[in-house]
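Participant: This structure is in structure tokens; I'll ask about it shortly.
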Amino acid sequence: MADTTPTTITLHSAQARYYRYRTPYLPRLFSRLAQRLDLTAESTLLDLCCGSGEVATGCIRHCGHIYAVDGSAEMLAQAPRAERIDYIQADVNDEAYKAPELVDHIIIGRAIHWVEADSLARLARANLKEDGRIIICSTCWGAEAAWFADYQRLTTPYKGGLGQRQIDTTGAGTLASIGFSAEDQLRVGRRLLVDIDYLIGHAMATTYGDRQIALANDFDNFSQRMRTTLSPHLVDGRLAMDVTSWAIVYCR
């Protein structure tokens, strides 16, 4: 069972200003997903736990309207505004959110492990068309880069802050428990170039609770150690990382 949402919302609100440093979604994932789901200008989506709007802004060019829901006002404040995206502040684990219309599909990006199974079942009953899908998606970088071991060594002391909890980013168990099974999987990859400032921000964006506070208090020292340690890996001021973005389509 996921952590209670008030704690979840508090943790993520503290991260909001650093979310732009999280591993980006590759735009090709959304174009492939649009083809797979036959999205049109009439299609509607419900984006649960939308955070700062990464998934909504990636999908909106392929559909007609998106209702994007998150419990954190700080997160929603970071989301780019678009005419056909409605951002709604609501606690998906605690509030009976109902969109103004039934949606074609529900999508959840990097957040299924925060959503209670009972809450997702309730939201699907209230909002999802009978033949609609639930899509779970995420994006991550690989550990093969030459600089990654040094980055991991520097950031590991600050990781955690979530207690002892098992995280299933695919949502397979949660979706199975409410009657959905995997129908298809999509995966795209690309090499991106980043600078050390990005990796410093990424560390802040992926650290929670007391560990994030400890990192913030040690920020100047941590930043200097990152620059000293990773500078030998730079090529023309950049570090290469291989990013993979993926989506799993679940059906009833």
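Participant: List the pairs whose first member sits in segment 81-101 and is among the aromatic types (Phe, Trp, Tyr), whose second member is assigned to a loop (DSSP other than H, G, I, E, B), and whose Cβ atoms are under 6 Å apart, counting only residues at least 6 apart or on separate chains?
Facilitator: Hits for this filter: Tyr87/Ala79; Tyr97/Ala90.
Participant: Out of the residues in segment 192-222 that are within 25 Å of the chain's Cα centre (by Cα) and polar (S, T, N, Q), state the one that is least open to solvent (accessible area, probe 1.4 Å).
Facilitator: Thr207
Participant: I'd like to verify a number: residues in segment 219-242 that are more than 18 Å from Met204 (Cβ to Cβ) and touching a Gly at 6+ places or on another chain (Cβ under 8 Å), how many? If you could, list the steps in order and put the result at the bottom.
Facilitator: Restricting attention to segment 219-242, the residues satisfying the condition of being more than 18 Å from Met204 (Cβ to Cβ) are 228, 231-238, 240, 242.
Right, trim to touching a Gly at 6+ places or on another chain (Cβ under 8 Å) and you get 242.
Qualifying residue count for the region: 1.
Per-residue answers, yes or no, for (1) among the basic types (Lys, Arg); (2) open to solvent by 40 Å² or more (accessible area, probe 1.4 Å); (3) at pLDDT 95 or above:
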| residue | (1), (2), (3) |
| --- | --- |
| Ala96 | no, yes, no |
| Ala99 | no, no, yes |
| Asp118 | no, yes, yes |
| Arg122 | yes, yes, yes |
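Participant: Evaluate segment 55-73: report whether one residue or more is farther than 24 Å from Val249 by Cα, touching a residue at least 24 places away in the same chain (Cβ under 8 Å), among the hydrophobic types (A, V, I, L, M, F, W, C) and surrounded by fewer than 20 Cβ atoms within 10 Å (Cβ to Cβ).
Facilitator: Yes, segment 55-73 has at least one match.
Participant: Then there's this: Would you check which residues across segment 122-152 are among the hydrophobic types (A, V, I, L, M, F, W, C) and either part of a loop (DSSP other than H, G, I, E, B) or under 20 Å from the mean Cα position of the chain (by Cα) (or both) and list them?
Facilitator: Residues of segment 122-152 that are among the hydrophobic types (A, V, I, L, M, F, W, C), as a first pass: 123-124, 126, 128, 134-137, 140-141, 143, 145-149.
Of everything in segment 122-152, those that are among the hydrophobic types (A, V, I, L, M, F, W, C) and either part of a loop (DSSP other than H, G, I, E, B) or under 20 Å from the mean Cα position of the chain (by Cα) (or both) turn out to be Leu123, Ala124, Ile134, Ile135, Ile136, Cys137, Cys140, Trp141, Ala143, Ala145, Ala146, Trp147.
Participant: When Ala77 is evaluated against the numbered criteria (1) touching a helix residue (DSSP H, G or I) at 6+ places or on another chain (Cβ under 9 Å); (2) surrounded by fewer than 16 Cβ atoms within 10 Å (Cβ to Cβ); (3) under 25 Å from Arg191 (Cα atoms), which criterion, by number, is the only one it fails?
Facilitator: If we test Ala77 against (1) touching a helix residue (DSSP H, G or I) at 6+ places or on another chain (Cβ under 9 Å); (2) surrounded by fewer than 16 Cβ atoms within 10 Å (Cβ to Cβ); (3) under 25 Å from Arg191 (Cα atoms), just (3) comes out false.
Participant: Scan segment 123-159 for residues that are of a type in the set (A, V, I, L, M) and in contact with a Cys (Cβ under 9 Å, 6 or more places away or on another chain) and jot them down.
Facilitator: Filtering segment 123-159 for residues of a type in the set (A, V, I, L, M) gives 123-124, 126, 128, 134-136, 143, 145-146, 149, 154.
Across segment 123-159, the qualifying residue is only Ile134.
Participant: Any chance you could count how many residues in segment 173-191 are in a strand (DSSP E or B) and open to solvent by 30 Å² or more (accessible area, probe 1.4 Å)? Break it down stepwise before answering.
Facilitator: To start, the set of residues in segment 173-191 that are in a strand (DSSP E or B) comprises 181-191.
Subset that is open to solvent by 30 Å² or more (accessible area, probe 1.4 Å): 181-185, 187, 189-191.
Residues that pass the stated criteria total 9.
Participant: Restricting attention to segment 223-251, which residues are β-branched (Val, Ile, Thr), in contact with a strand residue (DSSP E or B) (Cβ under 9 Å, 6 or more places away or on another chain) and open to solvent by 80 Å² or more (accessible area, probe 1.4 Å)?
Facilitator: Filtering segment 223-251 for residues β-branched (Val, Ile, Thr) gives 228-229, 235, 243-244, 248-249.
Next cut, in contact with a strand residue (DSSP E or B) (Cβ under 9 Å, 6 or more places away or on another chain) only: 235, 243-244, 248-249.
Val235, the sole residue that qualifies.
Participant: Here is a follow-up. Find all pairs meeting these conditions: Cβ atoms under 7 angstrom apart; at least six residues apart or on different chains; first residue within segment 185-209 and at pLDDT 95 or above; second residue of a type in the set (Asp, Glu) and surrounded by 19 or more Cβ atoms within 10 Å (Cβ to Cβ).
Facilitator: none
Participant: Output the number of residues of segment 160-183 satisfying the condition of being of a type outside the set (Gly, Ala, Ser), modelled with pLDDT of 95 or more and either within 19 Å of Ala146 (Cα to Cα) or in contact with a helix residue (DSSP H, G or I) (Cβ under 6 Å, 6 or more places away or on another chain) (or both). Walk me through how you get there before you give the answer.
Facilitator: Pass one, segment 160-183, residues of a type outside the set (Gly, Ala, Ser): 162, 164-170, 174-175, 178, 180, 183.
When the remaining residues are screened for being modelled with pLDDT of 95 or more, the result is 170, 174-175, 178, 180, 183.
Pick out the ones that are also either within 19 Å of Ala146 (Cα to Cα) or in contact with a helix residue (DSSP H, G or I) (Cβ under 6 Å, 6 or more places away or on another chain) (or both) and you get 174, 178.
So the count comes out to 2.
Participant: Only one of (1) under 18 Å from Ile112 (Cβ atoms); (2) modelled with pLDDT of 95 or more is not met by Gln35, so which one is it?
Facilitator: (1)
The values are calculated or read from the model by the stated rules, or taken from the named source; none is laboratory data. Model, not experiment: these values are computed from the prediction. All Cβ positions, even for glycine, are placed from backbone atoms using ideal geometry, and neighbour counts span all protein chains on display. Calculation scope for accessible area: heavy atoms of the full protein, side chains included, ligands and nucleic acids excluded. Shrake-Rupley method; radii C 1.70, N 1.55, O 1.52, S 1.80 Å.
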